[in-house]
Amino acid sequence: GAKILELTPGAKLSVVSTFDSALTSAAALRTILSGATLLPVDLRFETPPKAAARLIAAGLTHVYCTPTAIRLLCSGLPEGGIFPDLRSILLGGEKTTMADVRLLAHSTPPDAHLRATFASTETQLVAHTTVPLTGDVQPEDFADMAIAEGVTIDILAEDGSRKAAGEIGRVQVTSKMITLGYQGDVDPAQADKVTHNPDGTRSYMTDDMGYLTPDGRIVLTSRAGREIKIRGRRVDLG
């Protein structure tokens with residue numbers, strides 16, 4: 001995460017949260033080990049205008065949050081205002097849209113860039129893409145994502161067979177960073193999502209649907225399960 005964010009000594013990182021589990025110890029540790037300064041924001045207890053003013057005064061350079069959180073934070077800017085020192089925005093947890101790109105293009109300096117990510121608690125970082133925050137960005141510029149180092153993605157059919165490039169199926173992620181499993185009273189179907197492989201890696205069957213491009217990038221298309229995310233919160237449609 002620190003590498004993708006380009007955190008360096010002296011950077012000012014804000015993790016902007018809208019719910020209680022967003023600001024994790026991992027984010028704090030990532031910041032400390034990078035020699036950066038953490039500027040936490042919890043928008044449940046601080047209004048967007050106050051948060052925006054505080055971050056501007058502190059010289060904010062990096063932001064890590066959900067698209068919902070960045071929309072709320074930018075709503076606190078005065079009309080025509082920007083985060084003048086902001087250089088890197090890392091968004092995850094929800095789909096990043098063209099509306100987010102346009103919003104950030106008007107809220108940041110010309111040399112800022114956006115990184116959209118695909119990750120989960122069970123898999124950590126899976127894939128990411130980077131786009132400049134300019135007016136000529138097109139949807140295809142960030143629809144497909146580069147698979148993270150040390151991660152393998154397979155697109156599977158219902159019978160477990162691998163699908164060819166361009167064919168949509170269930171996204172299975174394999175790496176050494178996959179969760180060891182679940183503890184306690186767990187739905188067997190959920191527990192079966194984790195597979196321990198002979199080479200020491202583990203595989204996790206996500207509820208995401210997508211396909212691989214011929215050059216090995218991933219495009220996410222929809223969700224297979226009944227869980228979705230609304231404003232960063234998991235919602236079971238059942």
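Restricting to the range 187-238, give me the number of residues that are within 14 Å of residue 120 (Cβ to Cβ) and of a type in the set (Phe, Trp, Tyr).
1
Residue check: is residue 53 open to solvent by 40 Å² or more (accessible area, probe 1.4 Å) and free of Cβ contacts under 8 Å to residues at least 12 places away in the same chain? Break it down stepwise before answering.
Working: open to solvent by 40 Å² or more (accessible area, probe 1.4 Å): yes; free of Cβ contacts under 8 Å to residues at least 12 places away in the same chain: no.
For residue 53, the condition - open to solvent by 40 Å² or more (accessible area, probe 1.4 Å) and free of Cβ contacts under 8 Å to residues at least 12 places away in the same chain - is not met.
In this structure, is residue 127 at pLDDT 90 or above, on the phi < 0 side of the Ramachandran plot, part of a loop (DSSP other than H, G, I, E, B) and not aromatic (Phe, Trp, Tyr)?
Details: at pLDDT 90 or above: yes; on the phi < 0 side of the Ramachandran plot: yes; part of a loop (DSSP other than H, G, I, E, B): no; not aromatic (Phe, Trp, Tyr): yes.
So residue 127 does not fit the description; no.
This table checks each residue for (1) closer than 29 Å to residue 27 by Cα; (2) among the small types (Gly, Ala, Ser); (3) touching a Phe, Trp or Tyr at 6+ places or on another chain (Cβ under 7 Å).
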site	(1), (2), (3)
133	yes, no, no
143	yes, yes, no
153	yes, no, no
159	no, no, no
181	yes, yes, no
185	yes, no, no
191	yes, yes, yes
201	yes, no, no
217	yes, no, no
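Looking at the structure I just gave you, is residue 112 under 21 Å from residue 74 (Cα atoms), loosely packed, with under 12 Cβ neighbours inside 10 Å and under 18 Å from the mean Cα position of the chain (by Cα)? Reasoning before the result, please.
Numbers: under 21 Å from residue 74 (Cα atoms): yes; loosely packed, with under 12 Cβ neighbours inside 10 Å: no; under 18 Å from the mean Cα position of the chain (by Cα): yes.
When the stated conditions are applied, residue 112 does not pass them.
Suppose we filter 75, 25 for residues that are in contact (Cβ under 8 Å) with a residue 24 or more places away in the chain, polar (S, T, N, Q) and open to solvent by 60 Å² or more (accessible area, probe 1.4 Å); which single one remains?
Going through 75, 25 in turn, the sole match is 75.
Under the condition of being surrounded by fewer than 21 Cβ atoms within 10 Å (Cβ to Cβ) and at pLDDT 95 or above, which residue from the range 79-106 is farthest from the chain's Cα centre (by Cα)?
For the range 79-106, the residue satisfying everything is 81.
Going through 168, 178 one at a time, which residue ends up being among the hydrophobic types (A, V, I, L, M, F, W, C) and either over 20 Å from the mean Cα position of the chain (by Cα) or open to solvent by 40 Å² or more (accessible area, probe 1.4 Å) (or both)? Let's see the steps before the verdict.
Details: 178 fails: either over 20 Å from the mean Cα position of the chain (by Cα) or open to solvent by 40 Å² or more (accessible area, probe 1.4 Å) (or both).
Residue meeting the stated conditions: 168.
What is the residue count in the range 224-236 for residues that are surrounded by fewer than 14 Cβ atoms within 10 Å (Cβ to Cβ) and in contact (Cβ under 8 Å) with a residue 12 or more places away in the chain?
Residues that pass the stated criteria total 2.
For the subset of the range 133-152 comprising residues that are in a strand (DSSP E or B) and under 17 Å from the mean Cα position of the chain (by Cα), which member is modelled with the lowest pLDDT? Step through it out loud before you land on a result.
Pass one, the range 133-152, residues in a strand (DSSP E or B): 144-147, 152.
Right, trim to under 17 Å from the mean Cα position of the chain (by Cα) and you get 144-147.
Numbers: 144: 86, 145: 91, 146: 93, 147: 95.
That would be 144.
Can you tell me which residue within the range 1-17, out of those that are modelled with pLDDT under 85 and open to solvent by less than 60 Å² (accessible area, probe 1.4 Å), is farthest from the chain's Cα centre (by Cα)?
2
Conditions (1) touching a Gly at 6+ places or on another chain (Cβ under 6 Å); (2) among the charged types (D, E, K, R); (3) open to solvent by less than 70 Å² (accessible area, probe 1.4 Å), marked per residue:
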{"site": "133", "(1), (2), (3)": "no, no, yes"}
{"site": "159", "(1), (2), (3)": "no, yes, no"}
{"site": "198", "(1), (2), (3)": "no, no, no"}
{"site": "206", "(1), (2), (3)": "no, no, yes"}
{"site": "222", "(1), (2), (3)": "no, no, yes"}
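Confirm whether residue 183 is exposed (fewer than 13 other Cβ atoms within 10 Å of the Cβ) and either of a type in the set (S, T, N, Q) or more than 25 Å from residue 227 (Cβ to Cβ) (or both).
Details: exposed (fewer than 13 other Cβ atoms within 10 Å of the Cβ): yes; either of a type in the set (S, T, N, Q) or more than 25 Å from residue 227 (Cβ to Cβ) (or both): yes.
The answer is yes for residue 183.
The values are calculated or read from the model by the stated rules, or taken from the named source; none is laboratory data. Everything quoted here is computed from the prediction, not taken from an experiment. Cβ coordinates were reconstructed from backbone atoms using ideal geometry, including for glycine residues, and neighbour counts include every protein chain displayed. To get the accessible areas, we keep the full protein, side chains included, count just its heavy atoms, and leave off ligands, DNA and RNA. Shrake-Rupley method; radii C 1.70, N 1.55, O 1.52, S 1.80 Å.
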